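The values are calculated or read from the model by the stated rules, or taken from the named source; none is laboratory data. Predicted, not measured: the structure shown is a model, and the values here were computed from it. For neighbour counting, all protein chains shown are included, and Cβ atoms are generated from backbone atoms with ideal geometry for every residue, glycine included.
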């Protein structure tokens, strides 16, 4: 028999079996009545046999409840009796039969099927280290619509006319090529600090208060006698209003591929600062070899009925089942923007290590088509100093077809409908990726894998550097930028004008990702 004839024969066989299980009670007590998966069958009476279909071969927990009587003789497609409410196991797609007996009154039957996929090691939370430096801007609240800062200091850049009009949140002064905001904030304006790789040891707030800050590259420089901070500030600053571009790709890949970092004693680095160094090393998208993938998914947002996201739902869920549930792998995803004000062009790369899928039969469709409610647990990309140390929970709901092998049938996208997204998501993801291998070499030429590993006890470090130094029992006495970098090389960086930035090229966006190597 040819493969095509064999498939046709299987479909005919399935149709006959499905019809047999759908017979009504009028056919006699020995008839088997079908119960919808993840649904309810009402107005039942007397002892009777039932069947429910599980479409996936990747297992899950099947639970059957009745409002009267007892559920007994739950038997799987392999003919073996199962415990109600327990894991059915892999490669056990098909019909499950059971009996309700001892009911004294009319009863209802409910079925649930829940599949949980979990990687061996959950991806750790990280911070995305934006490429936009500190700035003076018009306040978002209580703004007066006027530029009140009239003079800049250092190499800061005035991007608005002093005394001129300005909208809420709009930048007034940007940090110059040295990456540091040196201008005091005029009364009526405001400033914003977000941790970035080129920070100094301190930041001066709008009211003049001095705050201690993380300084990953400045500390790295003083351990290894480099100028990585100055290079980063001069070459990677993002000068537009948005703060989402950063190092989320590098941080997400590191969280997938590496153990959560542990700073070597005496290094003076914090765990967040060490994660920042790995984020820099992982930020170069050319260095990640990708295997299986779902890619170029339109943002939507998905909605009931036809839309451009529908045909991508089978591929996306196949990635979840195969890699997280089947192979217990972490995968990488650009899950796009957060609600409520995110835009579809925002890139938020995160590691995905867990999902929960609740299955439901679709009225009017065969048992091979299911509606899934999926909760995806990705890691946080905004975790620093112990804040936001929790997963990003994303909700997807879609209808997808399966084949008789218990795998998502990607050839039948006509049966798919991506219904909605929810939780901490506004759009469908841009991509879902299997990362096979990474070469740890970022854009900054002074940050090297050997140096970072030497500082990280969880990923090969021993506290001994690759040169002549050895970490002391006490951390170094780190110096601020002005003191450490005095007389050191200047990298120039972007050209800036009086009323606007004129970069050499487009800013490096920490989330952009292309596919290289591998295949589905």
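A few points about this structure:
- Filter pass, residue 42 being in contact with a helix residue (DSSP H, G or I) (Cβ under 7 Å, 6 or more places away or on another chain) and either modelled with pLDDT under 95 or not in a helix (DSSP H, G or I) (or both): no
- Any chance residue 200 is more than 30 Å from residue 352 (Cα to Cα), outside the structural domain of residue 256 (by TED's automatic domain parsing), under 30 Å from the mean Cα position of the chain (by Cα) and modelled with pLDDT of 95 or more: yes
- Members of the range 252-282 found to be without any contact (Cβ under 8 Å) to a residue 60 or more places away in the chain and either at positive phi or in contact with a helix residue (DSSP H, G or I) (Cβ under 8 Å, 6 or more places away or on another chain) (or both), listed by number: 273
- Looking across the range 317-331 at every residue that is touching a helix residue (DSSP H, G or I) at 6+ places or on another chain (Cβ under 8 Å) and part of a loop (DSSP other than H, G, I, E, B), the one that is surrounded by the fewest Cβ atoms within 10 Å (Cβ to Cβ) is identified as 329.
- Every residue from the range 57-74 that is on the phi < 0 side of the Ramachandran plot and crowded, with 17+ Cβ neighbours inside 10 Å: 57, 58, 62, 64, 66, 71, 74
- Hits in the range 213-227 - residues which are assigned to a loop (DSSP other than H, G, I, E, B) and closer than 13 Å to residue 274 by Cα: 214, 215
- Those residues of the range 94-123 which are surrounded by 23 or more Cβ atoms within 10 Å (Cβ to Cβ) and not in a strand (DSSP E or B), in sequence order: 123
- Comparison of 314, 301 shows that the only residue that is buried (at least 17 other Cβ atoms within 10 Å of the Cβ), in contact with a helix residue (DSSP H, G or I) (Cβ under 8 Å, 6 or more places away or on another chain) and either in the same structural domain as residue 420 (by TED's automatic domain parsing) or at pLDDT 95 or above (or both) is 314.
- Within the span defined as the range 206-214, every residue fails to be in contact with a helix residue (DSSP H, G or I) (Cβ under 7 Å, 6 or more places away or on another chain) and more than 30 Å from residue 188 (Cβ to Cβ).
- Restricting the range 191-208 to residues that are more than 11 Å from residue 134 (Cα to Cα) and in contact with a strand residue (DSSP E or B) (Cβ under 9 Å, 6 or more places away or on another chain), the residue that is surrounded by the fewest Cβ atoms within 10 Å (Cβ to Cβ): 202
- Meets criteria (touching a residue at least 60 places away in the same chain (Cβ under 8 Å) and part of a loop (DSSP other than H, G, I, E, B)) for residue 306: yes
Yes/no matrix, rows are residues, columns are (1) more than 12 Å from the chain's Cα centre (by Cα); (2) surrounded by fewer than 23 Cβ atoms within 10 Å (Cβ to Cβ):
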site	(1), (2)
368	yes, yes
373	yes, yes
383	yes, yes
389	yes, yes
402	yes, no
413	yes, yes
419	yes, yes
430	no, no
435	yes, yes
